[in-house]
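Novice: After the structure tokens below, expect a handful of questions from me.
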Amino acid sequence: MELQLIEKSDHDQFVQNLISNYQVEGVKRKDGSFLYGSIKAPEELCLDFDCTAIPPRKYFLPPKETLLQFALTPDLEATPVIENDPFILFGVHPYDIKAINQMDRVFARGVPDPHYLKRREAALIIGVDPATVAPRSFWADMGASTVSEGFDLMLTDVGEDFIVEIGTNKGRTLLEEYAKTRPATRDDARERVKIRSRISHICKKRGFAFPKREIPKLLEHSWKEPLWEERAGKCLSCGTCNLVCPTCYCFDVQDDMDLDLAHGERTRRWDGCLLHDFATVATGENFRETRASRYRHRFYRKGLYLFKILDDMACVGCGRCASGCLPDIADPVNLFNKLREEEK
Ligand code: SF4
Ligand code: SF4
């Protein structure tokens, strides 16, 4: 592992150099929340946030995108629309990088999705270790305190300086061209380990009361638990828990014709399994009509169906669903701990 050091007094110049040469997207403070957006000046970039309201997945899977344009005459012609403008995503916490790594695997499986994968290839990711922990986060218990891949550079705030781990050659080039650095010493590396374990220890106060690897087994015989009905009775079917989740990626695809009835386009937009019409099919049949069936599906998806593909839960412990759910029934920690208790 290669570690360099950027003095904080040189950091703004580094960010400015990136802004002058790339489109830079990063975390900004807005009305007491943290949101990803375009960074036009170094002082706009916030690196000491606890958790952003929305994860960075919109950069790889936009809320709405055109997949292809088509013409019906004289013969059917379809032209794919692929966006792959290079950009820098600056300030991504390790749990969100873990989520991106999971999404990379999902979108590369079976028939690879060029729309997602090309955007992903075009991105340079500069991660940052969390300096504080959001009240509902439990990423330490999900093994997402640190990541070993999925970033080009990873910053850790160690007081007067940032220690920078180089993740890829692209990251190394970025540092060489745009930052004033010096090699980190052994003491710097030790300080980084200390800071990381301190913050991880704080986060560990929330988590599962049993090993997370037991969740698929727990779910295999929990299908008829009354807890699903009990909790779902409060569900507003608002879909917030889906929309704020970095590992939710379901979408709906639609074809629209132009007024000339000869041309059109195919678009996709985010969808959410908690929304009433998510499972409605062409005949009008809705095979998850009840709130309880939709509520239960979300937890089976994260803890069993995707577990079989990823060999891990499709949850990185960001806690956004827990903070965003008005009746407070979306938190995986509360749900799985309660389910385990009912099992006994
Ligand atoms: S579980 Fe909560 S956030 Fe999710 S749809 Fe229901 S009310 Fe909305
Ligand atoms: S399920 Fe909730 S805590 Fe887990 S990754 Fe999604 S939003 Fe974060």
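Novice: In segment 329-344, which residues are among the polar types (S, T, N, Q) and more than 16 Å from ligand 1 (Cβ to nearest atom)?
Specialist: Across segment 329-344, the qualifying residue is only Asn337.
Novice: When the residues of segment 105-133 are narrowed to those that are within 16 Å of ligand 2 (Cβ to nearest atom) and surrounded by 21 or more Cβ atoms within 10 Å (Cβ to Cβ), which ends up farthest from the chain's Cα centre (by Cα)?
Specialist: Of the residues in segment 105-133, the ones within 16 Å of ligand 2 (Cβ to nearest atom) are 105-106, 130, 133.
Filter again for surrounded by 21 or more Cβ atoms within 10 Å (Cβ to Cβ), leaving 130, 133.
On the way: Pro130: 15, Val133: 16 Å.
Ranking the qualifying residues of segment 105-133, first place goes to Val133.
Novice: Hey, could you check segment 82-93 for residues that are without any contact (Cβ under 8 Å) to a residue 60 or more places away in the chain and touching a Lys or Arg at 6+ places or on another chain (Cβ under 9 Å) and say which is surrounded by the most Cβ atoms within 10 Å (Cβ to Cβ)?
Specialist: Selected residue: Asn84.
Novice: Which one of these does Met313 not meet: (1) more than 11 Å from ligand 1 (Cβ to nearest atom); (2) surrounded by fewer than 18 Cβ atoms within 10 Å (Cβ to Cβ)?
Specialist: If we test Met313 against (1) more than 11 Å from ligand 1 (Cβ to nearest atom); (2) surrounded by fewer than 18 Cβ atoms within 10 Å (Cβ to Cβ), just (2) comes out false.
Novice: Still on this model: Quick test of your reading of the structure: Tyr300 fulfils all but one of (1) over 19 Å from Leu61 (Cβ atoms); (2) in a strand (DSSP E or B). Name the failing condition by number.
Specialist: (2)
Novice: Just checking, how many residues over segment 164-212 are touching a residue at least 40 places away in the same chain (Cβ under 8 Å) and within 13 Å of Pro130 (Cα to Cα)?
Specialist: Total meeting the criteria: 8.
Novice: Sticking with this one: List the strands (runs of 3 or more DSSP E) inside segment 1-104, counting only whole elements, that have at least 3 residues being farther than 26 Å from Gly272 by Cα and more than 25 Å from the chain's Cα centre (by Cα). So that I can check it myself, show each step before the final result.
Specialist: Values: elements: 2-7, 24-30, 33-38, 64-71, 77-80, 87-92.
Ranges flagged: 2-7, 77-80.
Novice: Here's a follow-up. Only one of (1) surrounded by fewer than 21 Cβ atoms within 10 Å (Cβ to Cβ); (2) touching a residue at least 60 places away in the same chain (Cβ under 8 Å); (3) among the acidic types (Asp, Glu) fails for Asp96. Which number is that?
Specialist: Tallying (1) surrounded by fewer than 21 Cβ atoms within 10 Å (Cβ to Cβ); (2) touching a residue at least 60 places away in the same chain (Cβ under 8 Å); (3) among the acidic types (Asp, Glu), Asp96 fails exactly one: (1).
Novice: Go through (1) over 27 Å from Glu214 (Cα atoms); (2) of a type outside the set (Phe, Trp, Tyr); (3) more than 13 Å from ligand 1 (Cβ to nearest atom) one by one and return the number of the condition Leu326 breaks.
Specialist: Unmet for Leu326, out of (1) over 27 Å from Glu214 (Cα atoms); (2) of a type outside the set (Phe, Trp, Tyr); (3) more than 13 Å from ligand 1 (Cβ to nearest atom): (3).
Novice: Ok, one more. Residues being surrounded by 14 or more Cβ atoms within 10 Å (Cβ to Cβ), closer than 30 Å to Ile329 by Cα and away from ligand 2 (no atom under 16 Å from the Cβ): count how many of those fall in segment 253-274. Spell out how you get there, then give the answer.
Specialist: Here is the first cut: in segment 253-274, the ones surrounded by 14 or more Cβ atoms within 10 Å (Cβ to Cβ) are 263-268, 270-274.
Imposing the further condition that a residue be closer than 30 Å to Ile329 by Cα reduces the set to 268, 270-274.
Next, from what is left, pick out any that are away from ligand 2 (no atom under 16 Å from the Cβ): 268.
Matching residues across segment 253-274 total 1.
Novice: Taking the conditions exactly as written (in the same structural domain as Trp223 (by TED's automatic domain parsing), more than 14 Å from Cys241 (Cα to Cα) and touching a residue at least 24 places away in the same chain (Cβ under 8 Å)), does Ile329 satisfy them or not? Break it down into steps so the answer makes sense when it comes.
Specialist: Details: in the same structural domain as Trp223 (by TED's automatic domain parsing): yes; more than 14 Å from Cys241 (Cα to Cα): no; touching a residue at least 24 places away in the same chain (Cβ under 8 Å): yes.
Answer is no for this residue.
The values are calculated or read from the model by the stated rules, or taken from the named source; none is laboratory data. Just so it is clear, the model here is predicted, and its values are computed rather than measured. Reconstructed Cβ throughout: ideal geometry from the backbone, glycine too, with neighbour counts over all protein chains shown.
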